[in-house]
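Peer 1: Pasting in a structure now, in structure tokens, and then I'll have a few things to ask.
The values are calculated or read from the model by the stated rules, or taken from the named source; none is laboratory data. From a predicted model like this one, the values you see are computed outputs, not experimental measurements. Here Cβ is always computed from backbone atoms with ideal geometry, including for glycine, and neighbour counts include all displayed protein chains.
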Amino acid sequence: MQQNPLHKVFYIGTVSSLIALIALCVAWELVLAPLRPGGSWLVLKVIPLLLPLRGVLKRDLYTMQWSSMLILLYLTEGIVRGASDPGLSATLGWIEAALVCVFFFCCILFLRPYKQEAKKLAQQVIQKASK
């Protein structure tokens, strides 16, 4: 499979945005703008982000596929809190939404050549089977 020169950039974008999103969520709910002074139990929202971290670091294609869907929950939260929360919390919501977009698009663009290759192989199998 021939890889695009940007393939490594997409991988780095995927990993760095996921790690930045984890750090943002922890800092947001414990220090920067927690719902309650001293921190909030909402920091537990970071746990689902930790689940795909190992697979993303190992470039596991299946993990990257399902994590690109999971991450969209955080896009929803970022937009809602960016539009409804006051002050710093709103800014953090928009930053969260931006990091999710970076992760999603880098992940999809990283997976694209693998999906194209799988499609070609499937077509070859169908052609051989029809002969």
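Peer 1: If we keep just the residues of the range 60-90 that are modelled with pLDDT under 95 and in a loop (DSSP other than H, G, I, E, B), which is nearest to the chain's Cα centre (by Cα)?
Peer 2: So the residue we want is 85.
Peer 1: Tell me whether the range 41-48 contains one or more residues that are surrounded by fewer than 16 Cβ atoms within 10 Å (Cβ to Cβ) and under 12 Å from the mean Cα position of the chain (by Cα).
Peer 2: Yes: the range 41-48 contains one or more residues that are surrounded by fewer than 16 Cβ atoms within 10 Å (Cβ to Cβ) and under 12 Å from the mean Cα position of the chain (by Cα).
Peer 1: Ok, one more. Would you mention how many residues in the range 77-131 are closer than 21 Å to residue 23 by Cβ and exposed (fewer than 12 other Cβ atoms within 10 Å of the Cβ)?
Peer 2: Number of matching residues: 2.
Peer 1: Could you give every pair whose Cβ atoms fall below 7 Å, whose first residue belongs to the range 80-91 and is among the polar types (S, T, N, Q), and whose second residue is surrounded by 15 or more Cβ atoms within 10 Å (Cβ to Cβ) and in a helix (DSSP H, G or I), counting only separations of at least 6 or pairs across chains?
Peer 2: Close Cβ pairs (under 7 Å, with a partner that is surrounded by 15 or more Cβ atoms within 10 Å (Cβ to Cβ) and in a helix (DSSP H, G or I)) amount to 89/81.
Peer 1: Does the range 75-84 contain at least one residue that is among the basic types (Lys, Arg) and under 23 Å from residue 4 (Cβ atoms)?
Peer 2: no
Peer 1: Condition test on residue 68, is it surrounded by 15 or more Cβ atoms within 10 Å (Cβ to Cβ) and among the small types (Gly, Ala, Ser)?
Peer 2: yes
Peer 1: Scan the range 37-79 for residues that are touching an Asp or Glu at 6+ places or on another chain (Cβ under 9 Å) and in contact (Cβ under 8 Å) with a residue 40 or more places away in the chain and jot them down.
Peer 2: Selection gives 74 alone.
Peer 1: Does the range 4-38 hold any residues that are surrounded by 13 or more Cβ atoms within 10 Å (Cβ to Cβ), of a type in the set (Gly, Ala, Ser) and over 21 Å from the mean Cα position of the chain (by Cα), and which are they?
Peer 2: Passing the criteria: only 33.
Peer 1: Quick check on the range 2-22. Is at least one of its residues touching a Phe, Trp or Tyr at 6+ places or on another chain (Cβ under 8 Å), aliphatic (A, V, I, L, M) and part of a helix (DSSP H, G or I)?
Peer 2: yes
Peer 1: Quick one: is residue 40 over 21 Å from residue 72 (Cα atoms), of a type in the set (Ser, Thr, Tyr) and in contact with a helix residue (DSSP H, G or I) (Cβ under 8 Å, 6 or more places away or on another chain)?
Peer 2: It is true that residue 40 is over 21 Å from residue 72 (Cα atoms), of a type in the set (Ser, Thr, Tyr) and in contact with a helix residue (DSSP H, G or I) (Cβ under 8 Å, 6 or more places away or on another chain).
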